[in-house]
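Enquirer: Please see the structure below; I have some questions.
Laboratory data are not the source of any read-out in this text; all were calculated from the coordinates shown. The model shown is predicted, which means the values in this text are computed figures rather than measured ones. Ideal geometry is used to build each Cβ from the backbone, glycine not excepted, and the neighbour counts take in all protein chains shown.
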């Protein structure tokens, strides 16, 4: 990047401590939100229909001795706040309780599902970045006809729900072309990626459209700025002007919506995993809801919210790094 | 001897075909000799900025240019993109009005100053940093080494305008184009920046085209004054003629009258109504 | 630059006309959908919920225009009846979300201070949940079904409406005319209902139309997951889900038809909302 940087004091070391402060603040705020959210979910699930003890006992439901034993074992006989306390201390020890339906500890159940979901989100995220950015950049440089064409396609992609995209892709690529497997997760990294390609494309398509729109608008907006005229007037070649000035600065608005896009990808896994029969966290959540397995619902929901908040915090920090003006806190 | 810059019967037109034609420059002609300072005065919309930008082909892409512009005998409209890039980079320096808008906020001052050397060799890049420090010193910035590591938003408008002047001089241009470089600054800073420009160009023998709507400012800075109105040059003056009151065009007189003056008390400053001088000067 | 000004109004007028035509087209399509839902029993040739085990997964024929599903039910009839839940759900969502969101938004703008910050916090909290997750949790608590799904989506939509209304109302509340009315002794409720709300109204209408489309997506998604509309009621989201089993057997039509119907309806409402807000802002951006 800079030829001057190494032999110069960075302007007083302020920028990076500023970033650290932002990170710390964000983390504290995140923890608080997560605490509130987890408590609300906990309370709400207490109100949900279906008694977990009855579900566990199955045929033996109604046996007062068995009910009392289970109630004591899972602290169901204690006040709500105490129960929540138990869950929270368990969370800190990595113990999220037991799934009544799967007859397995919730933490190992979730741990087994996380890799698929994480890989799916990462794969989708890369697709959004590459595809969305490329299409947006092309649209911003293209002539009127191409630009309008892309813009219409983007509108359709934006308005098409993921589950519709899923069935279209399955029909075309699995049924008729037989390029990709329909269900399952595959073995090994390559096998997994192969199995995850259709799901990741499904997950990424509408987010990519949003990304492309913002990129196009940001690049067009940035091209009209004074500092770009200055760069041209200084005799920089076209590629340098585009890269160092137009695209570099367009990254700011793009980063702003990256948080929304990341959050959308995480939330989207719920539907995509179900559509493709992937055993990820999202499909686990839906299974748990249908089978009233509330211990699993509680923990998977909190996990999804945590991922959601983490992405937003990460984007905030990223923004601070990309835009020096937010870094130094306005010292004129 | 050919002048350094020769603008000959320059017309600039927007639109055409399905849209109504808008002609914004009507046959502008002037020359700038080597080492000469020329000031262009006129109100907003008189076409002075368009004229300036056309010199290095920076006019809007949807505008059409007729007439010729010659830099050192070479026709600018006939130049290839590559030649244009070289002209802008090596021979013509430009200073813009609002430094906070005209300098990219995301790069450090040092990067901004040495940007045009990025494609050069290692040695040239190191020399560029040395030259940047030297120039910052010459534009009277204290502690240049620290400033190199600063971001634009950390500097005041006056400081940043000096940085932009330094940047324009990095490759030793033969012509400096200044587009209202003092308008966005406060009065004291304005005077300092003008004095700086005057000194720097005298020391280097750089030619200067200076745009402003402040007619007395150009009177103090320039060897020759062009008055622009509605896309044409309506009068050419020397500072002596200006100060001696030898003004022939009523618009120039009106411009002069619009300046506040500490020696006279007035309730209101006169303003020039839009198109007040149009009759008799409108063409076609 | 002043010389360029005359070109602008002409440009505006031309695109303004285009916008109005587009609004009429999408509006007509929306009306058509509503008619389809209302007159479903008259249009559908067969009972959508009764299947014939002997005619399972039939291709299109004169008897079954779009073929049959895996339970032998007539797909065309199910598609027609599916428009009912598709429109009813979003209707509930926009009614609930708009009334609650508008009330909270105006309340926040009018009172400022702690009321404003409390409502703001509430909105932030709801925003920290992914809307799909919020809806799923709510459905869990309420037990699956169209109305609990619709209520769930409403909650997720309240903050968006509320923030928009608050921002718009805040501008109005600070207008001199509102101040004048207040000094004349009009009560807050009267001023809000008679003066502030009508000015906020165009913003709400555009937002509601767009929300209608997005609510349709979310609701069909919940039904797709099996937590919304329950069997045997016909619903597009549900049809996409049940039809998925037939895709691998080589019969993608159920999912595809339902998907196409859904996308058409969604595009119609979202574009309508887009155009309405565009017209309000004075020309396309």
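Enquirer: Calculate how steeply helix A:294-322 sits against the longest principal axis of the alpha-carbon atoms of chain A, using the helix alpha-carbon long axis, and give the answer as 0 to 90 degrees to the nearest 10.
Expert: Rounded to the nearest ten degrees, it is 20.
Enquirer: As an exercise, use a Förster radius of 30 Å and the Cβ-Cβ distance of residue A:220 and residue C:205 to find the FRET efficiency, rounded to the nearest 0.05. Can you show the working numbers first?
Expert: On the way: r = 29 Å, r/R0 = 0.98.
Efficiency, from the Cβ-Cβ distance: 0.55.
Enquirer: Tell me the angle of helix C:146-173 to the major Cα principal axis of chain C, expressed in degrees between 0 and 90 and rounded to the nearest ten.
Expert: 20 degrees
Enquirer: Could you calculate the FRET efficiency of residue B:142 with residue B:220 from 1/(1 + (r/R0)^6), where r is the beta carbon distance between them and R0 is 30 Å, rounded to 0.05? List each step's numbers first, then the result.
Expert: Numbers: r = 26 Å, r/R0 = 0.87.
Working from the Cβ atoms, E equals 0.70.
Enquirer: Same structure, new question: List B:137, C:195 from most exposed to least, where exposure is judged by having the fewest other Cβ atoms within 10 Å. Please list the in-between numbers first.
Expert: Working: B:137 14, C:195 17.
With the fewest neighbours first, B:137, C:195 line up as B:137, C:195.
Enquirer: As I understand it, the value is the acute angle between the Cα axis of helix C:253-280 and the longest principal axis of the Cα atoms of chain C; what does it come to in degrees, rounded to 10?
Expert: That helix lies at roughly 10 degrees to the long axis.
Enquirer: What's the exposure ranking of B:170, B:94, going from fewest to most Cβ atoms within 10 Å? Mind showing how you got there, number by number?
Expert: Working: B:170 20, B:94 28.
Ranked by crowding around the Cβ, least crowded first: B:170, B:94.
Enquirer: Pull up the DSSP beta bridges for the protein assembly as shown and report the antiparallel fraction as a percent, rounded to 5.
Expert: On the way: 26 of 44 bridges.
Just about 60 percent of them are antiparallel.
Enquirer: What is the mean number of Cβ atoms from other protein chains located within 10 Å of the Cβ atom of each residue in peptide B:96-106, rounded to a whole number?
Expert: Numbers: counts 5, 1, 1, 3, 2, 5, 8, 4, 12, 7, 11.
Counting other chains' Cβ atoms within 10 Å and averaging over B:96-106 gives 5.
Enquirer: With contacts defined as alpha carbon pairs under 8 Å and 6 or more residues apart, what's the relative contact order of segment A:197-273 in percent?
Expert: Working: 42 pairs, mean separation 38.1, N = 77.
Over segment A:197-273, the number comes to 50 percent.
Enquirer: Taking 35 Å as R0, compute the FRET efficiency from the Cβ-Cβ separation of residue A:155 and residue A:29 and round it to 0.05.
Expert: Values: r = 35 Å, r/R0 = 1.01.
Once rounded, the FRET efficiency stands at 0.50.
Enquirer: Now for a different question. Applying a 10 Å radius around every beta-carbon, put A:214-222, A:316-324 in order of their mean neighbour count, most first.
Expert: Values: A:214-222: 20.8, A:316-324: 17.4.
Packing order, densest peptide first, comes out as A:214-222, A:316-324.
Enquirer: Another one. Just the Cα atoms of chain A, one point each, no solvent: what log10 I(q)/I(0) does Debye give at q = 0.09, 0.10, 0.13 Å⁻¹?
Expert: With no solvent term, the Cα-only Debye profile gives -0.65, -0.77, -1.10.
Enquirer: Normalised by the number of residues in chain B, what is the relative contact order in percent for Cα pairs under 8 Å and 6+ residues apart? Don't skip to the answer; put the middle values down first.
Expert: Details: 476 pairs, mean separation 68.4, N = 284.
Normalised by residue count, the contact order of chain B is 24 percent.
Enquirer: Okay, moving on. To make sure I understand, if each residue's beta carbon is the centre and we count other beta carbons within 10 Å, what order do B:224, A:69 fall in, fewest to most?
Expert: On the way: B:224 19, A:69 12.
If I rank by nearby Cβ atoms, fewest first, I get A:69, B:224.
Enquirer: Relative contact order for chain C using alpha-carbon pairs under 8 Å, separation at least 6, rounded to a whole percent? Mind dumping the intermediate values first?
Expert: Values: 404 pairs, mean separation 63.1, N = 285.
The normalised contact order for chain C reaches 22 percent.
Enquirer: For B:116-129, what's the mean count of beta carbons from other chains sitting within 10 Å of each residue's beta carbon? Show your work: numbers first, answer last.
Expert: Working: counts 5, 1, 7, 3, 0, 0, 1, 0, 1, 2, 3, 0, 2, 5.
Taking the mean over all residues of the peptide, I get 2.
Enquirer: For peptide C:138-147, how many partner chain Cβ atoms fall within 10 Å of a residue's Cβ, on average?
Expert: Working: counts 1, 2, 15, 10, 4, 4, 2, 0, 0, 0.
Mean shielding by partner chains, rounded to a whole number: 4.
Enquirer: Just to confirm my numbers, what's the Cα centroid distance between segment C:218-285 and segment A:242-312 in Å?
Expert: 21 Å
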